[in-house]
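Structure first, then comments.
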Amino acid sequence: MKNLFSYEGKRCLFVGCATGMGAAAAKAVQLLGGEAHGVDYREPDYKLASFTSCDLRDESQVDSMLGSLEAPFHAVFYCAGLPPTYSALDNVKVNISALRKVAEGVHPLVPRGGAMAFIASMGGMQFMDNLDVLNDFLSTDGSFAAAEAWCEAHADNVNEGYGFSKQAAILYTINRALAVVGDGVRVNCISPGSTDTPMMPEFEKFAPPEMIKAFYGPLDRAAQPEEMGWPLVFLNSDAATFITGLNLIIDGGFAAGMATGLIDLNEILSGLAEAT
Ligand SMILES: NC(=O)c1ccc[n+]([C@@H]2O[C@H](COP(=O)([O-])OP(=O)(O)OC[C@H]3O[C@@H](n4cnc5c(N)ncnc54)[C@H](O)[C@@H]3O)[C@@H](O)[C@H]2O)c1
């Protein structure tokens, strides 16, 4: 019987590889025998098959990074992200515009049977309430300039940028999965809950610790980066060949609590509004 979790013989791309969930996923893939190539604007402190420096807020750097890549990439992981302590536009650029550029730019290098996995967020969980607005944003041509112009014209929808960009990332994942299904390429994302990465102190500047803890869910703790890295690695593995268009919520049971009514999101959000 074949080990479908194995990454032997697979070349993999990790955008946002320096720290946190992206680093955890890249290390997991290497443990499973895969070849990990990384992209980030910060140097990783562990060994990769190659590393390309790129600031994903700069479209010309993204274009030249994409132009430097050589086929094949059997698995693509987009793990880069910025928190709401950065500007709305920086959030939109890194959390969705560069994600979209990478997904579409790398696509020709991905053979049939390949897969992509992105990181969205529980912060985008209400995307279904916002489909028309998000689809309008995603109907722009994919350039940073078009995204920026749309955001300027729709500042009320974009708000602080993080939630909007994460909602857009989830909907983009679903749209993209269906668009490329005929090419034999799967596309999924995860929506993490609170996770103990270098981004966490940034969230703590934006929301008080008690509010962050309110989102912990029944497991009553933050996740470790590996608890997001391994599910990403599973989604891009041959063990997940019937999974595409999935937004995998990994939140220690928070969404399950909401679905059953044990957790009241409105109560939490009104507490958050009062505290900020
Ligand atoms: N930590 C959490 O609680 C949490 C919760 C939900 C979602 N997320 C999402 O998870 C993803 C991974 O974040 P993380 O928690 O591992 O934090 P992290 O800060 O450790 O990882 C983010 C990575 O993206 C890279 N990056 C950021 N801006 C970049 C840029 N302009 N150009 C190139 N690289 C850039 C960083 O250098 C880093 O390697 C992000 O999309 C984040 O929004 C995090």
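The values are calculated or read from the model by the stated rules, or taken from the named source; none is laboratory data. Owing to the predicted nature of the structure, the values given are computational and were not obtained by experimental measurement. Cβ sites come from the backbone with ideal geometry, for glycine too, and all protein chains shown count toward neighbours.
Descriptive notes on the structure:
- Pair list, Cβ < 7 Å and 6+ apart or interchain, from region 106-133 residues that are within 16 Å of His37 (Cβ to Cβ) to residues that are small (Gly, Ala, Ser) and surrounded by fewer than 17 Cβ atoms within 10 Å (Cβ to Cβ): Leu109/Ala71
- A count restricted to region 140-157 and to residues that are outside any loop (DSSP other than H, G, I, E, B) and either among the polar types (S, T, N, Q) or crowded, with 23+ Cβ neighbours inside 10 Å (or both) stands at 2.
- Among the numbered conditions (1) in contact with a strand residue (DSSP E or B) (Cβ under 8 Å, 6 or more places away or on another chain); (2) more than 15 Å from the ligand (Cβ to nearest atom), the only one that Gly33 does not meet is (1).
- Tabulated pairs, region 202-214, first free of Cβ contacts under 8 Å to residues at least 60 places away in the same chain and over 13 Å from Ser270 (Cα atoms), second among the small types (Gly, Ala, Ser) and not in a helix (DSSP H, G or I), C-beta under 6 angstrom, 6+ apart or interchain: Ile212/Ser194
- Ala28 assigned to a helix (DSSP H, G or I) and surrounded by 18 or more Cβ atoms within 10 Å (Cβ to Cβ): yes
- Odd one out for Leu272, checked against (1) at pLDDT below 95; (2) surrounded by fewer than 17 Cβ atoms within 10 Å (Cβ to Cβ); (3) in a loop (DSSP other than H, G, I, E, B): (3)
- Qualifying residue in region 128-139 (condition: away from the ligand (no atom under 14 Å from the Cβ), over 28 Å from Met258 (Cβ atoms) and either surrounded by fewer than 24 Cβ atoms within 10 Å (Cβ to Cβ) or among the β-branched types (Val, Ile, Thr) (or both)): yes
- For region 123-150, a residue qualifies if it is touching a strand residue (DSSP E or B) at 6+ places or on another chain (Cβ under 9 Å) and modelled with pLDDT of 95 or more, and the qualifying residues are Gly124, Phe127.
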